[in-house]
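In what follows, a single structure is set out as structure tokens and then discussed.
Values in this text are rule-based calculations from the coordinates and carry no lab data. Note that this is a predicted model, so its numbers are computed, not measured. So basically every Cβ, Gly included, is an ideal-geometry build from the backbone, and we count neighbours across all protein chains shown.
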Amino acid sequence: MNENPKRHKLPNVFYRSLKYHAHLLHGDCVEVMREMISDERGFKGRIDAIVTDPPYGIDWLASDWDEYDHRSQEQKTADSETGDSCEKVMFKKMSVRQEAMPSTAADAGLSFQKWCEEWGRLCYALLKPGGYILSFGGSRAHHRMVCGLEDAGFEVRDEIQWVYSTGAVRGRDLGRDIQSVGGLKPDEMERLKGKNTALKPAHEPITVQRKPLPAGQSVTTCVATTGVGAMNVKDTRFPSFEERLKKAGPAPPVDRYPANVVVAEDEAVMGEYTKFFYCPKPSVQERGGSIGGLGGEKFKADWDAGRDIDAHPTTKPIRLMSWLVTLVTPPGGLVLDPFMGSGTTVRAAVLGGFRGIGIEKEEPFANLAKRRLQELEAELDKQGKEEIQ
Ligand SMILES: C[S@@+](CC[C@H](N)C(=O)[O-])C[C@H]1O[C@@H](n2cnc3c(N)ncnc32)[C@H](O)[C@@H]1O
């Protein structure tokens, strides 16, 4: 637990906070993690925990940043030579706009799974034996990520569900087709009424997987000697709903044993749900700015124009990321997020006194992560000064 990122050479660093032990790296995480492993003074087997939120395998907002490029390096080179754009061959088959391709959905799913296995193997190599990976997914393609990580060598230990009520339906309303298609018979129109291809999304699964313990070692020995191998269920206990209202803050007082369900918004006011950790979706202020409504119009306009963006469309709440990081990272331990987006995991690491490394391939998101981290540093510096005075 004494490794210090300063002693090792990290590739592609574009921002570091030595005071708060945070490093932001810019690049494709597959390439960056390969470099982290290949450096002999590097990070192989030194990361305590991975907490991440990778692309879910659907082309949300119809932009390419939430997709993944599953081609081999040779294929990428060949495609760039023939002029085939990355987007053309990226995973799009499970998008809502291409529902009518069931015969290819399995291929697309398998290819997403293979990509998850590819980055999963690199995460596996970087983690200490007994180290956990917590990874978010979307309900449609999550099973592929779970299997991909399992194929990379991890043991599936659990699944956390983050339940919320504010998701927007992104399916196809077939009733609307009645006008646009035209020429339909009355019974055909009747069949289309009240039909949609999707339910309202109200949960996000988070797979909980662990790198196997060192051969022949018990979990007790592993945790006692390395600090990893089991979850921290002491510091992640949480107050009941009434107490939470009185004592909001990132470090909840000891109360209930953590469950594998986390709830947001109004579920929390329903009696039974007070037994679960409460975490709402992030506010506009917490995200760092607005994305411009449900469709993210402002985000799309800024992105297309190559301007700095105010907020990431899928920012996770700091409270949830703090809870997850605390669950699987030993005190002062090193946590990695290979898909950091606007850097919420790294912020959570800094807030909890852990060390954090984040990787992001898109420059506007990397810049946003830097800005959010700098704001946090300024806030912590200010608090520190006030405490001293
Ligand atoms: C779901 S978002 C993460 C959002 C993050 N949890 C937050 O709070 O801001 C996934 C991120 O992974 C990035 N990404 C996708 N493929 C990547 C890759 N190969 N290497 C690094 N980052 C990647 C995307 O650009 C996107 O910002």
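Given the pairs LYS316/LYS361; LYS19/LYS385; LYS195/LYS298; LYS9/LYS370, which are separated by over 25 angstrom at their Cα positions? Listed pairs above 25 Å: LYS195/LYS298. The distance separating the Cα centre of region 287-343 from that of region 154-223 comes to 21 Å. Taking a ≥ b ≥ c as the square roots of the Cα gyration tensor eigenvalues, region 272-369 comes out oblate, since a/c reaches at least 1.5 and a/b does not exceed b/c. Look at ILE50, ILE37, ILE206 and count the other Cβ atoms within 10 Å of each Cβ; fewest to most, that gives ILE37, ILE206, ILE50. Summing charges over neighbours of ILE309, with a neighbour being any other residue whose Cβ is under 13 Å away from its Cβ, gives -1 when K and R count +1 and D and E count -1. Among HIS143, HIS21, HIS203, sorting on how many other beta-carbon atoms sit within 10 Å of each Cβ, with the fewest leading, yields HIS143, HIS203, HIS21.
Between ALA259 and VAL181, what is the spin-label point distance in nm, taking each point 7 Å from the Cα along the Cα→C-beta axis? According to this spin-label approximation, the distance is 4.3 nm. Hey, if you put +1 on the Cβ of every Lys and Arg and -1 on every Asp and Glu Cβ in region 293-389, which of GLY384, ILE309, LEU334 ends up farthest toward the positive end of that dipole? The one lying farthest along the dipole's positive direction is LEU334. In order along region 135-152, the phi-based Karplus estimate (6.51 cos²θ - 1.76 cosθ + 1.60, θ = phi - 60°) of 3J(HN,Hα) comes to 9, 5, x, x, 5, 7, 10, 4, 4, 5, 5, 4, 5, x, 5, 5, 5, 6 Hz; Gly and Pro are listed as x. Sorted ascending by nearby beta carbons within 10 Å, beginning with the fewest, LEU192, LEU122 become LEU192, LEU122.
The H on the amide N of ASP158, modeled in the peptide plane, is under 5 Å from the matching H of VAL208, each at least 5 residues off or on a different chain. If R0 is taken as 30 Å, the Cβ-Cβ distance between GLU377 and ILE37 corresponds to a FRET efficiency of 0.55. Summarising the label geometry, the points placed 7 Å from Cα in the beta-carbon direction at THR221 and ALA301 lie 6.3 nm from one another.
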